[in-house]
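Working notes, beginning with the structure itself.
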Amino acid sequence: MEVITGTRQFQIGEPTVVTIGKFDGRHRGHQKLLQEMNRMKEEKKLAAAVFTFDMAPMKAVTGKTVTLITTCEERRAKMARMGMDYLVEYPFDTEAAHMAPEEFVERVLVGQMQARAVVAGTDCSFGYKGAGNAVLLKSLAERLGFEAVIIEKAQDHHRDISSTYVKEMLDRGDVKKAWELLGEPYAIHGKVVHGNHIGGSILGFPTANLLPPPEKHLPAFGVYVSRIRVREQEYKGVTNIGRKPTVEGESPVGAETFIMGLNEDLYGQELEVELLEFIRPEKQFGSLEELKEQIGRDKETAKQYFDAKER
């Protein structure tokens with residue numbers, strides 16, 4: 001997959017089927033769009049291209065802090081796995097924010113991306129103040145000579161599946177429901193960094209620490225059953241999301257994972273941590289000994305979870 005990022009000056013050199021959106025989380029609603037993209041890619045012999053905005057400048061333009069279920073790197077990996085050929089991460093700046101909907105479709109989608117078909121949801125919005133919608137897209141399709149395919153929203157118990165819905169579940173610590181909405185477990189990716197080293201040296205539970213970027217939308221602070229992938233191997237584990245309040249000193253928000261059956265230093269290695277089920281909220285213990293006892297109980301809870309799944 002070719003990633004086009006950081007520039008408005010680009011040109012795709014072959015006809016495409018295009019979809020537009022933020023694609024945060026690539027939840028079941030997004031997957032519905034991408035499945036249609038793959039169908040049209042095969043049927044009409046078009047390259048599959050995704051248009052999304054580079055969200056990094058959004059805070060500077062709007063003043064709003066944007067948190068994402070999937071980081072930029074995670075989104076790229078997911079799009080590649082779904083068979084997309086191009087991912088355009090268009091800079092979201094003042095010029096982009098003020099582009100008229102008609103100009104966006106004609107100049108960017110049809111002109112630069114060579115769209116012969118555009119797949120979008122019924123709630124799609126584009127152009128200045130989101131004035132462009134599915135009705136306008138269909139009318140522009142007739143004039144500009146592309147096919148507009150409008151897809152109904154995927155729903156869960158009569159509620160549209162959206163990134164907002166997923167974030168609500170994560171804020172409650174309900175990673176099980178988030179998994180259902182995403183179609184895959186919520187995950188944190190990154191390189192293992194050094195922690196305070198009390199896990200192995202004092203508590204007897206060596207751990208791997210990840211520090212997600214500030215824009216990553218994390219679930220409620222607490223302890224979760226987790227599944228870990230490292231070096232193409234899969235392990236069972238227990239992950240704490242939070243600030244480790246029992247440990248002295250200020251700790252940044254991070255993900256600290258005890259990996260069952262793996263007792264080695266993973267510093268600098270890429271890790272994927274999937275959160276499968278909530279165990280308990282994060283809390284401050286009276287001593288490290290109390291914390292050690294609780295971690296032992298958390299490990300046992302995780303083992304029971306995996307044992308039940310394997311029966």
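Numbers for the structure displayed
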quantity: Phi-based couplings in Hz for segment 166-173 (Karplus 6.51, -1.76, 1.60; Gly and Pro marked x); calculated: 4, 4, 4, 5, 5, 4, 8, x
quantity: Karplus 3J(HN,Hα) series, Hz, for segment 75-83 with 6.51 cos²θ - 1.76 cosθ + 1.60 (x for Gly, Pro); calculated: 4, 4, 5, 5, 5, 4, 5, 7, x
quantity: 5 angstrom amide H check on residue 25, placed H, neighbours 5+ away; calculated: 69, 70
quantity: Residue-count net charge about residue 127 - beta-carbon cut-off 12 Å; Lys, Arg +1, Asp, Glu -1; calculated: -1
quantity: In Hz, Karplus ³J(HN,Hα) per residue of segment 140-145 (6.51, -1.76, 1.60; θ = phi - 60°; x = Gly, Pro); calculated: 5, 4, 4, 6, 9, x
quantity: Percent antiparallel among DSSP beta bridges (both partners in the chain, rounded to 5); calculated: 60
quantity: With eigenvalues of the C-alpha gyration tensor scaled by 5 and rooted, the chain, Å; calculated: 42, 19, 17
quantity: Apportionment of accessible area to carbon and sulfur, segment 17-142, percent (1.4 Å); calculated: 52
quantity: Cβ-defined net charge surrounding residue 23, 10 Å radius [Lys, Arg +1; Asp, Glu -1]; calculated: +3
quantity: Order of exposure, largest accessible area first, which applies to 186, 128 with probe 1.4 Å; calculated: 128, 186
quantity: Average accessible surface area per residue within the chain, 1.4 Å rolling probe, Å²; calculated: 49
quantity: Helix-only mean residue ellipticity at 222 nm for the chain, each DSSP H run of n ≥ 4 adding -39500 (n - 2.57), per residue, nearest 500; calculated: -8500 deg cm²/dmol
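The values are calculated or read from the model by the stated rules, or taken from the named source; none is laboratory data. All figures in this text were calculated on a predicted structure; none of them were measured in a lab. Glycine gets a Cβ as well: all are built from the backbone with ideal geometry, and neighbour counts include every protein chain shown. For accessibility, only protein heavy atoms count, side chains too; no ligands or nucleic acids. Shrake-Rupley method; radii C 1.70, N 1.55, O 1.52, S 1.80 Å.
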